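I have placed the structure first, in the form of structure tokens, so that the comments after it can refer back to it.
The values are calculated or read from the model by the stated rules, or taken from the named source; none is laboratory data. Since this is a predicted model, take the numbers as computed values, not measurements. Glycine also receives a Cβ, built like all others from the backbone with ideal geometry; neighbour counts cover every protein chain displayed. Accessible surface is based on the protein model in full, side chains and every heavy atom, while ligands, DNA and RNA are left aside. Shrake-Rupley method; radii C 1.70, N 1.55, O 1.52, S 1.80 Å.
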Amino acid sequence: MKSIVVANWKMHPATFKEAKQLFEATKKAAEKAKGVSVIVAPPAIYLREIVKLYKGRRVAFAMQDGNAEAVGACTGEISIAQGKDSKAGYVIIAHAERRSMGETNDGARRKVSAALNSKMTPVLCVGEASRDGTGEHFNFIKEQLRIGLADVTAPKVSQVIIAYEPVWAIGATRPMEAHDMHEMAIFIRKSIVETHGKDGMNMKILYGGSIDETNAAGMLRDGDIAGFLVGRASTEATKCAALIHSLSEA
Ligand code: PGA
């Protein structure tokens, strides 16, 4: 099965020298693996230099976030347009860690639009903080999708990648169960069909939360997903290579 691995380095590593080493290992694994598309999301300050190290076609690049305005009086911010100029093709939007720092569904909506306007692929993150057994988390996800995708026209909706990351499985000891992911994938598609019509059936959905080389292949097989958004396992060269290898088509 073909798959996508988004390597979300978050605020790692501490030096550009280490970033180069991590990228070299990731690149090597990506070039050897069949059917795995790797998208590296380094800290923005490393992005342009990392892009320069790469000439092939197996690896693409993502921003971890980006401001929807192209330019402006926004000290400390980096715009999606600037990411595009640094050769990122993807933008992670409203990651749970950004949401916990104040990102809103409305902010996500503007960023999704800005990414599509810049001809970049938005990776819209959704996910509930907890589940209480009542099924209420489905309504929560539906609302995140409804607002986040509100400015996307029906013909464009399948250009957005949805990353489902239950917050309780991020940075945890194990991922959610594959059959629960499968159920959520069906729910996500159904919700988007309701708001955007039949193209909602074609959404690419990623899973994120405690994925590594021991559990990725099973989740890909049974979870009804196109791939993964990976944190910790993407920031250690040997683990990252093992993860990419585990998804390689035989
Ligand atoms: P993790 O993080 O793989 O370290 O659990 C996932 C994420 O936050 O994208």
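Structure summary
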{"quantity": "For residue 204, distant residues with modelled amide H under 5 Å away", "calculated": "162"}
{"quantity": "Whole-percent carbon and sulfur share, accessible surface of the chain, 1.4 Å", "calculated": "53"}
{"quantity": "Extension reserve of the residue 194-residue 104 stretch, reckoned as 0.36 nm per residue once the Cα distance is removed", "calculated": "30.2 nm"}
{"quantity": "Per-residue [θ]222 nm for the chain (sum of -39500 (n - 2.57) over DSSP H runs n ≥ 4, rounded to 500)", "calculated": "-12000 deg cm²/dmol"}
{"quantity": "Aspartates and glutamates with Cα under 16 Å of residue 32, excluding same-chain neighbours fewer than 8 positions away", "calculated": "24, 213, 249"}
{"quantity": "Relative packing of peptides 109-117, 181-189 - highest average C-beta neighbours within 10 Å first", "calculated": "109-117, 181-189"}
{"quantity": "Test item: Cα-centred dipole of the chain, Lys/Arg +1 and Asp/Glu -1 on Cβ, debye", "calculated": "1060"}
{"quantity": "Segments 129-137, 82-90 sorted - mean Cβ within 10 Å per residue, highest first", "calculated": "82-90, 129-137"}
{"quantity": "Backbone HN-Hα couplings from phi across region 224-235 [Karplus 6.51/-1.76/1.60, Hz, Gly and Pro as x]", "calculated": "6, 10, 9, x, 9, 10, 10, x, 3, 5, 8, 9"}
{"quantity": "Rh by Kirkwood over Cα pairs, then Stokes-Einstein D for the chain at 0.890 mPa s and 25 °C, µm²/s", "calculated": "136"}
{"quantity": "Under 5 Å, built H, 5+ apart or other chain: amide partners of residue 37", "calculated": "3, 4, 5"}
{"quantity": "Across 28/204; 87/142; 119/204; 34/198; 17/111; 111/190, pairs whose alpha-carbon gap is larger than 27 Å", "calculated": "87/142; 34/198; 17/111"}
{"quantity": "Karplus-derived HN-Hα couplings along region 83-95 (A = 6.51, B = -1.76, C = 1.60, θ = phi - 60°), whole Hz, x at Gly and Pro", "calculated": "x, 4, 5, 8, 6, 6, x, 10, 9, 6, 10, 6, 3"}
{"quantity": "Full-extension gain in nm, residue 14 to residue 117, via 0.36 nm per residue minus C-alpha separation", "calculated": "33.8 nm"}
{"quantity": "Region 97-110 - phi-based ³J(HN,Hα) in whole Hz, Karplus 6.51/-1.76/1.60, Gly and Pro as x", "calculated": "5, 6, 4, 6, 9, x, 4, 10, 4, 5, x, 4, 4, 5"}
{"quantity": "Solvent exposure of region 3-248 as accessible area per residue, Å², 1.4 Å probe", "calculated": "47"}
{"quantity": "Sequence-separation-based contact order of region 3-248, relative, with Cα cut under 8 Å and 6+ spacing, percent", "calculated": "22"}
{"quantity": "Alpha-carbon gyration tensor eigenvalues x 5, square-rooted, for region 1-143, Å", "calculated": "27, 20, 14"}
{"quantity": "Extension reserve of the residue 153-residue 202 stretch, reckoned as 0.36 nm per residue once the Cα distance is removed", "calculated": "16.2 nm"}
{"quantity": "Environment charge of residue 139, counting only residues whose C-beta is closer than 15 Å and scoring Lys/Arg +1, Asp/Glu -1", "calculated": "-2"}
{"quantity": "Environment charge at residue 3 (Cβ cut-off 12 Å; Lys +1, Arg +1, Asp -1, Glu -1)", "calculated": "+3"}
{"quantity": "Within-11-Å neighbourhood charge of residue 169 [Cβ basis; K, R +1; D, E -1]", "calculated": "-2"}
